[in-house]
Ligand SMILES: *Cc1c(COP(=O)(O)O)cnc(C)c1O
């Protein structure tokens, strides 16, 4: 392909006619489920441990089945889910929690919300997931937990992470906000560590506008979480009996209704995304200047919340990432730059220092380079488009890359 005039310079955009995929996807099923809640007059959360009434317990049961977990408990969102799960597992103020820097801010702000300090351990070059080889060097006598993040819907190396946690007597809370339906070595995320946390926020692959779920195989941890979500009540206790400091983090029946309806669409959407990922992998691997991430063979199912790929480091070094993205977007293709590496976030450094009285400087060159220079994203909604769209994405990327030569 010769150099073509870029759309940003007045050339013809690669993608014409816009995009078909809409998000969220809904129809009369969602309308019916929401009306059922409305008419029931039972709008709020569930107050009784083990209740079987209403849509919430039904949704929790279905979610547990979906993730092949013994238990699932719903709550307000995926951020609070991380805080509650850490607390349920015994993480206390002043404890250190190992987290990757290449993630949404909640992975670090959730420990801080309960007075625990995030300690950043860099990610792997070829997956952008928490690097097991770097965890042990970050463990101190104050370390209490590891929070691997299944970023983009791809499971972190849970075999190694759980091994390291066992050796050092640490708990593992999986941040599976982006990974509903994902599996590592044949097992569902959210069941590999002590607890798993999920987000049902509107951009996520399964959504109810806002919402979160915690999974676990351990009933005592479930009870701890239930109590923290229900203002410190205990199973079978009296209405005004509060035995620990908890908050009201309950989900509503309306949200549960939406989740139940959206669940019926999940499997088909997952298959569409995976098929498009296969097409993209094939097309993008042929383009000079692009470097695909790798998938460990033990990633037996990927949730494809994002399609992440990299610009080849030599190419990326010589260009401005924002300029590149502007040019691709002008071609009618929606690519995103993604996160800022959380180890460089001043608010997190400051909050950590206030809690510990020490400075918190972490060097995470792989994550920092990915954020500043190399990593690019397509969203899960883009992955619901037709095959032609995948070809247009590849064409636009190649066109823009060639324009720099
Ligand atoms: C979305 C997200 C969260 C937070 O979930 P909310 O429901 O938005 O609070 C946490 N971690 C990761 C990795 C996420 O993508």
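The values are calculated or read from the model by the stated rules, or taken from the named source; none is laboratory data. Because the structure is predicted, anything quoted here is derived from the model rather than measured. Glycine also receives a Cβ, built like all others from the backbone with ideal geometry; neighbour counts cover every protein chain displayed.
If I filter segment 52-59 for residues that are away from the ligand (no atom under 16 Å from the Cβ), closer than 30 Å to residue 363 by Cα, more than 18 Å from the chain's Cα centre (by Cα) and buried (at least 17 other Cβ atoms within 10 Å of the Cβ), do I get at least one hit?
no
Does residue 73 satisfy the criteria of being surrounded by 13 or more Cβ atoms within 10 Å (Cβ to Cβ), assigned by TED's automatic domain parsing to the domain that holds residue 188 and out of contact with any strand residue (DSSP E or B) (no Cβ under 7 Å at 6 or more places or on another chain)?
No.
Just checking, does segment 206-224 include any residue being assigned to a loop (DSSP other than H, G, I, E, B), more than 15 Å from the ligand (Cβ to nearest atom) and surrounded by fewer than 23 Cβ atoms within 10 Å (Cβ to Cβ)?
Taking every residue of segment 206-224 in turn, at least one turns out to be assigned to a loop (DSSP other than H, G, I, E, B), more than 15 Å from the ligand (Cβ to nearest atom) and surrounded by fewer than 23 Cβ atoms within 10 Å (Cβ to Cβ).
Test residue 182 against the stated conditions and say whether it is within 13 Å of the ligand (Cβ to nearest atom), over 12 Å from residue 78 (Cβ atoms) and either in contact (Cβ under 8 Å) with a residue 60 or more places away in the chain or more than 23 Å from the chain's Cα centre (by Cα) (or both).
yes
Report the residue count in segment 294-333 for those that are surrounded by fewer than 17 Cβ atoms within 10 Å (Cβ to Cβ) and under 25 Å from residue 203 (Cα atoms).
5
Considering segment 225-249 alone, what residues qualify as being in a loop (DSSP other than H, G, I, E, B) and surrounded by 21 or more Cβ atoms within 10 Å (Cβ to Cβ)?
233, 249
How do the pairs read when you match residues in segment 291-311 that are free of Cβ contacts under 8 Å to residues at least 24 places away in the same chain with residues anywhere that are crowded, with 21+ Cβ neighbours inside 10 Å, using Cβ under 6 Å and keeping only pairs 6 or more apart or on different chains?
Short answer, once both residue conditions are applied: 292/309.
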